[in-house]
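Here is the structure we will look at.
The values are calculated or read from the model by the stated rules, or taken from the named source; none is laboratory data. Just so it is clear, the model here is predicted, and its values are computed rather than measured. Cβ atoms come from the backbone with ideal geometry, glycine included; neighbour counts cover every protein chain shown.
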Amino acid sequence: MNIEANPARGTRTLEARAQVFAALGDPARLAIVELLRDQDVAPHALGAQLDIPSNLLSHHLRVLEAAGLVARTRSQGDGRRSYVSLNQDAVDGLLDAASAIHAKRVVFVCTKNSARSILAEAIWAGASDIPVTSAGTHPVEAINPRTRKAATRAHLTIVRDTPALVEQVLRPDDLIISVCDGVNEELPELPNGRLHWSVPDPVREGTDAAFNRVVRELTQRIESLAPRVHAPRARKATS
C-alpha cells in the first residue's frame, strides 16, 4: 500500500484516527461513550451515573467533542438543558459488542404523537419482530400530514391511525424510547426500561427536508438498536 500517493489526505486521516484512539484511551471517556451508545444523556445525568465531578466531566466532553465522537445539542423542551449524543459513525467497530435488551414491546413516545414517534413506530415495525406502538404525553387529534408524506417517500407503513395518550398505551414490561426532549423531561419515573433520543422536531421547521432528516436519523438509530432487543426468555416451570 502506498500511503504517499496522497500525503495530505493520508496524514489527515491518520491524525484524526489517532485523536479518536487517544480520546478513548481514558477509562472515564470510554465509559461516557459506552453509556451514550443507545441514548442521549444530559451532562448532569452523565456525571451522576458515572460519578464524575462536573469540572472533570466538562474536560472529558471537550476532548470527545474535539475528536468528533460526541456532540451537544440544546434541549427543545427545557432550553436550559443540553443533551450529549454519540457520533455512531466515529466509533463504528471500536467498541465491544453491546449487551442485549429484553422487552416484550417497544413504545416510542413524543409530545403530540403526530410526527417523530409515528415515524419511529413505522421504521421499527419493518426492522424488528418485537411488537411496537407509539403514544404522546399530549396527543393531538390527527397525525401531521407531512408525517404521512414522509412515510410514503421512505416506503414506510404508518401503524397507528390516530394519536394516543401514553397512559392508555403503556404496559409495565414495555421499553420506552422517548424521541422528544420535552417528554424525557416531563415523563415521571416509571418501572419500565427507558432510553432517550434527542431528535429535533421536524414540525417546527415544517419542511419535507426536515422530515426526511428525522426519518434518516431514526432509521440509523433503530437499525443499530433493533438487533439487540429480544423478547424475555420464558421462565421454566417448576415441578
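When ALA97, ALA127 are checked against the criterion of being in contact with a helix residue (DSSP H, G or I) (Cβ under 6 Å, 6 or more places away or on another chain), within 27 Å of LEU69 (Cβ to Cβ) and either without any contact (Cβ under 8 Å) to a residue 12 or more places away in the chain or among the small types (Gly, Ala, Ser) (or both), ALA127 stands alone in meeting it.
Checking each residue in the stretch 67-99 for being β-branched (Val, Ile, Thr), crowded, with 16+ Cβ neighbours inside 10 Å and not in a helix (DSSP H, G or I) picks out VAL70, VAL84.
Quick one: is ALA103 within 17 Å of LEU218 (Cα to Cα), touching a strand residue (DSSP E or B) at 6+ places or on another chain (Cβ under 8 Å) and surrounded by 14 or more Cβ atoms within 10 Å (Cβ to Cβ)? No; evaluated as a whole, the condition is false for this residue.
When the stretch 158-193 is limited to residues that are under 22 Å from PRO43 (Cβ atoms) and of a type outside the set (A, V, I, L, M, F, W, C), the one that is surrounded by the fewest Cβ atoms within 10 Å (Cβ to Cβ) turns out to be PRO188. Can you name every residue in the stretch 159-179 that is assigned to a loop (DSSP other than H, G, I, E, B), in contact (Cβ under 8 Å) with a residue 60 or more places away in the chain and touching a helix residue (DSSP H, G or I) at 6+ places or on another chain (Cβ under 6 Å)? Scanning the stretch 159-179 gives a single hit, VAL179.
Within the stretch 192-209, is even one residue free of Cβ contacts under 8 Å to residues at least 60 places away in the same chain, among the small types (Gly, Ala, Ser) and over 15 Å from ILE118 (Cα atoms)? The answer is yes, given that some residue of the stretch 192-209 is free of Cβ contacts under 8 Å to residues at least 60 places away in the same chain, among the small types (Gly, Ala, Ser) and over 15 Å from ILE118 (Cα atoms). For the stretch 48-87, a residue qualifies if it is closer than 27 Å to THR111 by Cβ and either free of Cβ contacts under 8 Å to residues at least 60 places away in the same chain or assigned by TED's automatic domain parsing to the domain that holds ARG221 (or both), and the qualifying residues are ALA48, GLN49, VAL70, ALA71, ARG72, ARG74, GLY79, ARG80, SER82, VAL84, LEU86, ASN87. In the set (1) buried (at least 18 other Cβ atoms within 10 Å of the Cβ); (2) part of a strand (DSSP E or B); (3) in contact with a helix residue (DSSP H, G or I) (Cβ under 9 Å, 6 or more places away or on another chain), the condition left unmet by ALA150 is number (2).
Within the stretch 116-147, the set of residues being part of a strand (DSSP E or B) and farther than 24 Å from ALA100 by Cβ comprises ALA135, GLY136.
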